[in-house]
């Protein structure tokens, strides 16, 4: 049920595709029987295209992959979790308009990268 720009991931591929990603990742937790999931799906697909190159967008089917939703305390769907540097930096539960999602994406994309290193000052050699 994912568009061409959206990655379908599983419990087995979650760590590699999301937690180890160089780019921020928007993960849509969904199920085939979920009405609001069907309504938000085209918005998520459009955002994947609009933010291509800046953001990775993925979907996790909660009926086929139970470990990852449990790990992140997903109790209601659709649930959109935004990861940066392997950590959840924002989340949305339930249907919201596209503008709300874009506002959160833009805020996270504007933040400095999450990293364990501090940029060093240039060293001059005499």
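Read the figures in this text as sums done on the coordinates, not as results from a lab. Since this is a predicted model, take the numbers as computed values, not measurements. Quick reminder, even Gly has a Cβ in these numbers, built from the backbone with ideal geometry, and neighbours come from all protein chains shown.
Here are the numbers for the structure shown:
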read-out: Region 7-110: C-alpha gyration tensor shape, a/c 1.5 cut-off, then a/b vs b/c; value: oblate
read-out: FRET efficiency estimate (nearest 0.05) - Cβ-Cβ, residue 66 to residue 110, R0 30 angstrom; value: 0.30
read-out: Burial order of peptide ranges 64-72, 28-36, 52-60 (average beta-carbon count within 10 Å, highest first); value: 52-60, 28-36, 64-72
